[in-house]
Structures are given as C-alpha cells and as structure tokens.
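Trainee: One structure, pasted below without further comment.
The values are calculated or read from the model by the stated rules, or taken from the named source; none is laboratory data. Small disclaimer: the values here were computed from a predicted structure and weren't measured. Cβ placement follows ideal geometry from the backbone for every residue including glycine, while neighbour counts extend to all protein chains displayed.
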There are 2 protein chains.
Amino acid sequence: MVQGSFPPPAFASAQDRSALYADLASWLGNRFSQAPALREQHGHTLTWIENQPPDAVAFPQSTDEVVRIVKLCAQVRVPIVAFGAGTSLEGHLNAPYGGLALDFAQMDRILRVNAEDMDCEVEAGVKRKALNTHLRDTGLFFPVDPGADATLGGMAATRASGTCAVRYGTMRENVMNVTAVLASGEVIKTGQRARKSAAGYDLTRLIVGSEGTLGIITQLTLRLYGIPEAVVAAVCPFAALEGACKATAAAIQLGLGVARIELLDALQVRICNVYSKLTLPEVPTLFLEFHGTPAATEEQVKIFSDLAEANGGGPLSYTANPEERAKLWAARHDVYWAQRAYAPGKSAYVTDICVPISNLAACVKETEADIEELGLTVPVVGHVGDGNFHAVPLVDMSDADEVRRAKIFADRMTGRALSFEGTCTGEHGIGQGKKTYLAAEAGAGIEAMRAIKQALDPCCILNPGKII
Amino acid sequence: MVQGSFPPPAFASAQDRSALYADLASWLGNRFSQAPALREQHGHTLTWIENQPPDAVAFPQSTDEVVRIVKLCAQVRVPIVAFGAGTSLEGHLNAPYGGLALDFAQMDRILRVNAEDMDCEVEAGVKRKALNTHLRDTGLFFPVDPGADATLGGMAATRASGTCAVRYGTMRENVMNVTAVLASGEVIKTGQRARKSAAGYDLTRLIVGSEGTLGIITQLTLRLYGIPEAVVAAVCPFAALEGACKATAAAIQLGLGVARIELLDALQVRICNVYSKLTLPEVPTLFLEFHGTPAATEEQVKIFSDLAEANGGGPLSYTANPEERAKLWAARHDVYWAQRAYAPGKSAYVTDICVPISNLAACVKETEADIEELGLTVPVVGHVGDGNFHAVPLVDMSDADEVRRAKIFADRMTGRALSFEGTCTGEHGIGQGKKTYLAAEAGAGIEAMRAIKQALDPCCILNPGKII
C-alpha cells in the first residue's frame with residue numbers, strides 16, 4: 001500500500017510549460033487560449049474557495065484529441081483539469097498547480113439514442129437540459145437533475161444526484177459505461193450496453209465520482225426512463241422542520257415512490273419568495289413531485305397529505321399544470337443564486353451531509369440549534385427523501401470571525417453526519433473543500449484510494465490536489 | 001500502468017507453508033483443517049473446471065481473526081481464497097497455487113436490522129435464505145436471489161444477481177457498504193449507511209464483484225425492501241423462443257415493473273418437469289412474478305397476457321397461492337441440479353451472456369442455430385428481463401470432441417454477446433473460466449484492472465489466478 005502525500009513534488013518547469021503551450025496553440029489555433037479572463041473563468045466556479053486559474057484552456061473536439069493532449073501533458077508533467085459547465089461547489093476545478101483546463105464545450109454531440117433499450121450515448125460536454133430537449137419526442141427522459149444545467153461528463157465525474165435521486169438514483173446508478181482517457185493516454189471503455197455485468201472490476205463506478213483524478217471522461221452511456229403519464233407537483237407547509245423531516249421519513253418507509261421531496265426552511269422560503277417571486281408562507285416547507293398514472297399520483301397525494309397532517313403539516317396544495325410546476329422547480333433550482341442575491345457580497349459556504357432517513361429529523365434539529373448558537377445566516381435546503389440536506393452559511397469571506405464561525409459550523413455538520421452514520425457529502429463531492437472531512441470519514445480507505453490513484457496516475461497529472 | 005502477467009512467480013515454499021499451517025493449527029484448533037475431503041470440498045464448487053484444492057481450510061469468527069490470518073499469510077506469501085457457500089460457477093474458489101481457504105461458515109451473525117432505514121448489517125457468512133427468514137417479522141426482505149442459497153459475502157464478491165434483478169437490481173445496487181480486509185491486513189469500511197454519497201472513490205462498488213481478489217469481505221450493509229402486498233406468479237407458454245423474448249422486451253419497454261421474468265426453452269421445461277415433478281407443456285415458457293398492490297398486480301397480469309398473445313404466446317396462467325408460487329420458483333432455482341440429473345455423469349458447461357433487451361430475440365435465435373449446428377444438448381434458461389441468459393451444454397468432460405464443440409459454442413456465445421453490445425457474463429463472474437473472454441471484452445480496461453490489483457495486493461495473495 002502506498003503511503004505519503006500527494007501530489008508528488010515535481011510538475012513541469014515554467015519553461016517546459018511554455019514550450020507545451022506553444023505547441024498546443026499552433027495545433028489547436030483558437031481552440032487554445034491563455035487569455036486571463038478565460039483562465040479566471042475556468043478556475044472560478046461556484047465555490048467559496050479562492051480562485052486558482054489554470055495556465056491555459058483547451059477545447060478538444062474528440063476523444064483522439066484528448067488522448068493527444070494527455071500524452072503531451074504527461075511527457076512534461078503538466079496538470080490537466082477536465083472542465084464541464086463549472087457548476088461544482090467544492091473547488092473541483094481550481095488549478096492549484098496551474099496546468100491545462102480541458103473544456104468540453106465542443107464535445108456536445110448526442111451520439112445515439114437507443115429508445116428500445118432506454119439508453120443513450122453522449123459526449124461528455126452535452127448538458128442535461130439539451131439532452132432532455134433532444135429526447136422529448138422519444139417519450140424518454142434522463143432524470144438526474146442537480147439543479148444546475150451541468151454537463152453529463154461533469155455530473156458523472158462528481159457522482160451528481162439532486163432532486164430526482166430519491167426515485168431514479170444518482171449518476172452512480174444511471175451511468176452504464178464511460179469512455180475515459182487515462183493518465184497514460186490509454187482509452188478505456190468501462191462497459192457495454194447490457195443492463196448488468198459481472199465482468200471484472202467495476203471501472204464504471206470507479207471513474208464515476210473520481211472527479212477527474214483517475215481518468216478524463218469523454219463519452220458516456222446513460223440509462224433513460226419513460227416520461228410518466230402524470231406528473232403532479234405539490235407544496236406543503238409545516239409548523240416545524242422536524243415535522244417535515246418526520247413526514248418525509250414516513251413517506252420513504254411506506255415506499256410511497258415520491259419522485260422529488262425537497263425541504264426548505266423558513267429562511268430559504270423567504271429567500272425564494274424574494275428571488276423567484278413566489279408568495280409562499282415563510283415556514284418550513286416541502287416541495288414534492290409525484291410521477292405515475294393519474295390514479296396513482298392522486299393516491300400518492302392523498303397519502304402524503306395524511307402523513308403531513310400527522311406531523312404538523314398541511315394543507316398540501318398541488319398542481320398538474322406544467323407552467324406552475326416549472327415555476328416551482330425553477331425556484332428550487334435557483335436557490336444558490338437566490339441565496340447569493342439575498343446576501344450581496346457574501347459567499348455561500350455550502351454544506352452537504354446525508355444521513356439515514358431515521359436520523360434525519362434529529363440531525364436537522366441539532367443543526368438548527370447550531371445555527372442559533374453561532375449567530376450565522378444559514379438557509380437550509382435539501383433532498384430529504386435521501387436524507388441529504390444543505391445548510392448554507394452566507395458568509396462575508398473578508399470577515400475573519402464570520403468565516404471562523406462558518407468553519408466551526410461546517411466542521412460540526414460533518415461530525416454530526418458521521419455520528420448519525422452518514423456522509424460528509426451526499427452529492428457535492430470532495431474537491432478541495434472536503435479533503436480533511438473525507439480523511440475522517442474514510443479512515444483506512446483513504447490509503448486504498450491513494451494506492452489506486454498512484455497506480456492509475458503515478459505522476460498525478462489528472463486534477464491534482466483533489467480528493468486525496 | 002503496470003504491464004505483465006499475474007500472479008508474480010513466487011509464493012511461499014512448502015517449508016514456509018508448513019510452518020504457517022502449524023501456527024494456525026495451534027491457534028485455531030478445530031477451526032483449522034488439512035483433511036483431504038474438506039480441502040477437496042473447498043476446491044470443488046459448482047463448475048466444470050477441474051478441482052484445485054487449497055492446502056488447508058480455516059474458519060474465522062471475526063474480522064480481527066481474518067486480519068491476523070491475512071497478516072500471517074502475507075508475511076510468507078500464502079494465497080488466501082475466501083469461501084462462502086461454494087456455489088459459484090466459474091472456478092472462483094479453485095486454489096491453483098494452493099494456500100488457505102477462509103470459510104465464513106462461522107461468521108453468520110445478523111448484526112443489526114434497521115427497519116426504519118430499510119437496511120441491515122450482516123457478517124459475510126450469512127446466507128440469503130437465513131436473512132429473509134430472520135427479516136420476515138419486519139415486513140422487509142432482501143431481494144437479490146441467485147437461486148443457490150449463497151452467502152451474502154460471496155454474493156457481494158461475485159456481484160450476484162438472479163431472478164429479481166430486473167426489478168430490484170443486483171448486488172451492485174443493494175450493497176450499501178462492506179467491511180473488507182485488504183492484503184496488507186488493513187480493514188476498510190467502504191461507506192456509511194446514507195443512501196448516497198459523493199465522498200471519494202467508490203470502494204464499495206470496487207470490492208463488489210472483485211471476487212476476493214482485492215479484499216476479503218467480512219461484513220456488509222444491505223438495502224432492504226418492503227414485502228409487497230400482493231405477489232402473483234405466472235407461467236406463459238410460447239410457440240417460439242423468439243416470441244417469448246419479444247414479449248419480454250415489450251414488457252420492459254412498457255415499464256411494466258415485473259419482478260421476475262424467466263425464460264426456459266422447451267428442453268429446459270422438459271428437464272424441470274422430470275426433476276421438479278411439474279406438468280408443463282414442453283415448449284418455450286416464461287415464468288413471471290408480479291409485485292404490488294392487488295389491483296396493480298392484476299393490471300400487470302392483464303397487460304402481460306396481451307403482450308404474450310401478440311407474440312405467439314399464451315394462455316398465461318397465474319396464481320397468488322404461496323405453495324404454488326414456491327413450487328414454481330423451487331423448480332427454477334433447481335435448474336442446475338435438474339440439468340445435472342438429466343444427463344448423469346455430464347458437466348454443465350454454463351454460459352452467461354447479457355445483451356441489450358432490443359438484441360435479445362436475435363441473440364437467442366442465433367444461439368438456437370448454433371445448438372443445432374454443433375449437435376450439443378443445451379438447455380436455455382435466463383433472466384431475460386435483464387437481457388441475461390444461460391445456454392448450458394451438458395458435456396461429458398472425458399469426451400474430447402464434445403468438449404471441443406462445447407468450447408466452440410461458448411466462444412461463439414461470447415463473440416455474439418460482444419457483437420450485440422453485451423457482456424460475456426451477466427452474473428456468474430470471471431473466476432478462472434472467463435479470463436480470456438474478459439480480456440476480449442475489457443480491452444485496455446484489463447491493464448487498468450491489473451494496475452489496481454497490483455496497487456492493492458502487490459504480492460497477489462488474494463485469490464490468485466482469478467479475473468486477471
């Protein structure tokens with residue numbers, strides 16, 4: 001087992017980098033740039049972590065081009081950071097050792113839709129909304145929905161999930177295989193289109209969630225689902241967060257099959273009212289969605305309504321009107337921007353814990369007490385059907401004391417997640433922001449991860465400084 | 001990336017082995033044995049591959065004991081083969097380099113059932129039927145059902161699936177975390193009890209399906225499901241295999257949510273009639289099961305009945321009677337023994353391909369032509385809802401020509417699987433039997449697997465000679 005710190009000390013000298021970038025510029029023309037604004041954009045993603053721009057940005061158009069770029073970078077040890085839509089939250093795309101950002105914006109072809117098999121093959125730069133627009137006529141859709149209009153390659157790399165995971169699973173369950181370029185320049189395709197396989201190590205699941213540190217995803221095959229006959233959205237206010245959590249747990253335990261079940265605390269509802277022009281009562285609230293036949297969704301609404309009432313909630317209001325549904329989910333998807341707008345100049349110090357559903361109510365209750373004690377402004381929002389929620393201190397990063405308190409808050413969140421048998425990140429990943437938390441959570445597993453990283457990327461050129 | 005062949009040449013000398021076994025005998029007492037019959041039993045599993053017994057068998061009772069044994073074996077490079085119930089089919093448990101079989105029969109405690117979270121924690125030696133018996137009062141069940149009464153540790157190690165995978169997924173989806181002892185003797189727990197996590201590399205999915213070559217599973221946490229309110233089993237005859245496949249594909253594409261959908265060709269039905277005392281018409285037949293509310297299962301039966309009729313099938317007969325259901329599934333689960341009884345003295349040269357559902361009918365049709373051409377006795381049986389089926393030449397292993405034809409048949413099956421974008425093994429795994437097929441299927445991925453193996457088990461003491 002490999003011990004010791006990553007990355008290894010020596011990346012390319014300034015001179016070697018310059019020579020490489022000159023080569024890339026002459027080969028790629030206007031698909032290569034060292035313009036400061038572009039570099040800054042590629043280091044600066046949706047995170048409170050400080051910007052660390054790459055030296056340069058390249059826009060490959062094929063797996064073969066990625067192979068050639070990786071081989072050139074590997075020769076002189078220049079770091080490579082694969083870049084999708086830049087919507088990750090934990091500094092995954094920062095370039096602490098400089099190097100090259102590989103932006104997949106020009107690899108956005110939908111290669112094939114196999115409607116009969118309910119799967120499709122796409123390039124890594126395809127965005128999820130574009131895919132669903134493309135699929136509309138087939139009666140199929142891709143359900144993983146992290147809110148942001150992320151690329152599917154980026155979503156796979158970070159094991160994204162979001163609002164629909166409670167019913168349809170995360171990228172872990174919905175990526176059937178990936179084509180990835182390894183640090184050696186070798187291309188692997190990690191599986192076929194069969195629904196299951198017992199053929200060797202599960203390289204698909206190893207690459208999914210590895211945040212660009214083990215291989216660069218260039219294509220992927222995704223599972224699709226039939227668009228449900230009926231879709232009903234609902235909003236349900238509660239007297240207390242705890243009651244909303246308990247109603248959620250009851251629904252999950254009952255196997256209600258809800259497609260979305262999202263918690264917003266009173267502050268988050270207020271923030272959404274302002275930003276998204278809603279008029280909801282400013283109390284703890286669940287946003288829900290039910291998928292099925294008209295009869296089944298009607299039954300689900302009825303059952304959930306009863307569960308809410310038994311836990312200090314209601315009345316539940318619901319709608320099958322597409323515009324009203326769209327407005328509700330747009331508000332949910334915009335919470336990050338709504339939070340930023342609510343506290344201008346402040347950063348969103350996002351936390352992301354996930355616990356067993358039976359521990360959710362207690363965990364949220366302790367979190368509320370912490371918010372009170374630390375005197376922070378912290379909206380709470382979450383995919384509670386999975387036991388996953390975000391408490392988001394809005395922090396002036398130039399106010400040392402506020403930053404200190406936010407750090408204490410985040411540390412306690414992680415400790416609480418572990419004490420409730422949960423994880424420090426349900427969906428946002430490790431990036432730079434959660435490396436110490438991962439170490440606490442994974443224990444000896446960290447050494448196994450390090451050994452795998454060392455085996456597949458011995459010079460640590462793939463997204464160095466992330467995860468381990 | 002590591003190149004070259006595995007395992008490395010040098011395992012322990014006979015002298016070092018003897019010294020180790022003497023130590024183990026004095027420590028473990030009657031939980032250690034070198035009795036020939038026991039050794040043979042541990043090398044001889046359900047496979048056509050020749051028996052290669054281990055030197056000795058040990059029965060650990062705790063993770064700590066496994067750690068101590070692994071460390072002792074690692075010191076002198078003695079191979080370790082983790083052994084569950086011995087029901088694998090591809091020579092996973094053969095000991096080509098001798099060494100120690102670790103039999104988990106005495107690690108069979110159900111540690112905890114978390115009914116509210118619908119999960120449970122078990123030791124690796126718990127068998128699936130014992131778990132479901134234990135769970136009965138909770139209203140929950142564990143759905144992965146490979147037929148054999150395998151251990152849950154063994155099922156995780158081989159990424160088992162079986163009849164219910166079409167609805168509930170395989171071990172890949174239903175193992176939440178494992179506790180595993182690595183070759184170094186380090187213990188990793190690969191996850192928490194949260195339903196999802198984005199915390200680092202997916203070590204759970206890496207260990208699941210690694211066939212004891214990356215770590216020895218000692219405990220695992222499993223997802224559970226509510227026992228459905230209504231369970232209806234059905235039998236549906238078809239004029240041709242192709243029609244049965246097409247009806248299956250139609251049901252999957254419709255999202256019918258069938259819980260089991262099993263194909264038997266005419267020969268397999270005849271074999272089952274004889275062995276399990278059934279009186280089914282000896283034609284291609286689907287065995288099905290529907291789970292849900294009484295109304296939902298009734299609707300499913302009706303819809304499937306129509307699909308069958310449209311594809312040359314029917315009439316469908318069905319029952320909710322528990323005894324009749326049990327008899328049907330017992331017959332399905334006993335096909336391996338029924339095949340062996342049908343052709344006394346012959347071995348079952350099992351194949352196990354899995355293809356996209358839209359290619360299933362064509363794939364089965366080509367397989368039928370091969371059976372005809374090669375003059376073999378080959379029952380066909382499969383989990384066709386996943387696109388997974390087994391064509392099983394019954395072969396006299398002392399008849400060189402029959403073996404040759406069976407080998408041609410199996411090779412063609414794999415080639416066909418790949419040409420139909422499928423896999424050489426849907427559920428049985430690689431073991432010794434499918435190493436060359438894996439190499440063809442995984443391409444450059446094999447080198448990545450080898451690098452991972454080398455990183456986690458550099459002396460190759462964990463189940464050497466398997467997968468890669």
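Trainee: Give the range B:244-261 a look and list any residue that's over 24 Å from the mean Cα position of the chain (by Cα) and either charged (D, E, K, R) or more than 25 Å from A:Leu224 (Cα to Cα) (or both), or say none.
Mentor: B:Lys246
Trainee: Could you list all residues from the range B:370-388 that are under 21 Å from the mean Cα position of the chain (by Cα), β-branched (Val, Ile, Thr) and more than 13 Å from chain A (Cβ to nearest Cβ)? Quick ask: steps written out before the conclusion?
Mentor: Of the range B:370-388, the ones under 21 Å from the mean Cα position of the chain (by Cα) are B:378-388.
Subsequent filtering for residues that are β-branched (Val, Ile, Thr) retains B:378, B:380-381, B:384.
Listed by number, the residues that qualify are B:Val378, B:Val380, B:Val381.
Trainee: Counting only residues that are touching a residue at least 24 places away in the same chain (Cβ under 8 Å), more than 14 Å from chain B (Cβ to nearest Cβ) and polar (S, T, N, Q), give me the strands (runs of 3 or more DSSP E) lying completely in the range A:252-369 with at least 1 of them. So that I can check it myself, show each step before the final result.
Mentor: Working: elements: A:260-264, A:285-292, A:317-319.
Result: A:285-292, A:317-319.
Trainee: Mind counting the residues in the range B:203-235 that are farther than 30 Å from B:Ala448 by Cα and either of a type in the set (A, V, I, L, M, F, W, C) or at the interface with another protein chain (Cβ under 7 Å from one of its Cβ atoms) (or both)?
Mentor: To start, the set of residues in the range B:203-235 that are farther than 30 Å from B:Ala448 by Cα comprises B:224-235.
When the remaining residues are screened for being either of a type in the set (A, V, I, L, M, F, W, C) or at the interface with another protein chain (Cβ under 7 Å from one of its Cβ atoms) (or both), the result is B:224, B:226-227, B:230-235.
Count: 9.
Trainee: Looking only at the range A:43-84, which residues are under 20 Å from A:Asp149 (Cα atoms) and at pLDDT below 95? Full working, then the answer.
Mentor: Going residue by residue through the range A:43-84, those that are under 20 Å from A:Asp149 (Cα atoms) are A:43-48, A:59, A:81-84.
Listed by number, the residues that qualify are A:Gly43, A:His44, A:Thr45, A:Leu46, A:Thr47, A:Trp48.
Trainee: Looking at the range A:389-403, can you tell me whether even one residue there is buried (at least 20 other Cβ atoms within 10 Å of the Cβ), within 12 Å of another protein chain (Cβ to nearest Cβ) and at pLDDT 95 or above? Spell out how you get there, then give the answer.
Mentor: Within the range A:389-403, the subset buried (at least 20 other Cβ atoms within 10 Å of the Cβ) is A:389-395, A:402.
Restricting the remaining residues to those that are within 12 Å of another protein chain (Cβ to nearest Cβ) gives A:389.
Those left that are additionally at pLDDT 95 or above: A:389.
The answer is yes; a qualifying residue exists.
Trainee: Okay, moving on. Just to be sure before I move on: is A:Gly445 of a type in the set (Gly, Ala, Ser), in contact with a helix residue (DSSP H, G or I) (Cβ under 6 Å, 6 or more places away or on another chain) and within 18 Å of A:Arg172 (Cβ to Cβ) in the structure I sent? Talk me through it step by step, then tell me what you get.
Mentor: On the way: of a type in the set (Gly, Ala, Ser): yes; in contact with a helix residue (DSSP H, G or I) (Cβ under 6 Å, 6 or more places away or on another chain): yes; within 18 Å of A:Arg172 (Cβ to Cβ): yes.
Yes, satisfied.
Trainee: Separate question: Does the range A:421-435 hold any residues that are within 7 Å of chain B (Cβ to nearest Cβ) and within 15 Å of A:Leu46 (Cα to Cα), and which are they? Steps first, please.
Mentor: Taking the range A:421-435 first, the residues within 7 Å of chain B (Cβ to nearest Cβ) are A:421-430.
Within the range A:421-435, A:Glu427, A:His428, A:Gly429, A:Ile430 meet the criteria.
Trainee: In the list A:Val235, A:Val274, which residue meets the criterion of being under 29 Å from B:Glu116 (Cβ atoms) and outside the structural domain of A:Phe141 (by TED's automatic domain parsing)?
Mentor: Numbers: A:Val274 fails: under 29 Å from B:Glu116 (Cβ atoms).
After applying the criteria, what remains is A:Val235.
Trainee: Within the range B:456-467, is there a residue that is over 24 Å from B:Ala240 (Cα atoms) and facing chain A (nearest Cβ under 7 Å)?
Mentor: Looking only at the range B:456-467, we keep the residues that are over 24 Å from B:Ala240 (Cα atoms), and these are B:456-467.
Checking which are facing chain A (nearest Cβ under 7 Å) leaves us with B:456, B:467.
Yes, some residue in the range B:456-467 is over 24 Å from B:Ala240 (Cα atoms) and facing chain A (nearest Cβ under 7 Å).
Trainee: Now, a different point. Enumerate the strands (runs of 3 or more DSSP E) found wholly within the range B:113-202, keeping only those where 2 or more residues are modelled with pLDDT of 95 or more, more than 10 Å from every other protein chain (Cβ to nearest Cβ) and within 27 Å of A:Asn388 (Cβ to Cβ). Let's see the steps before the verdict.
Mentor: Details: elements: B:119-123, B:175-181, B:187-189.
Strands (runs of 3 or more DSSP E) meeting the threshold: B:119-123, B:175-181.
Trainee: So which residues in the range A:436-446 are facing chain B (nearest Cβ under 7 Å) and either crowded, with 20+ Cβ neighbours inside 10 Å or touching a residue at least 60 places away in the same chain (Cβ under 8 Å) (or both), if there are any at all?
Mentor: Result: A:Leu438, A:Glu441, A:Ala442, A:Gly445.
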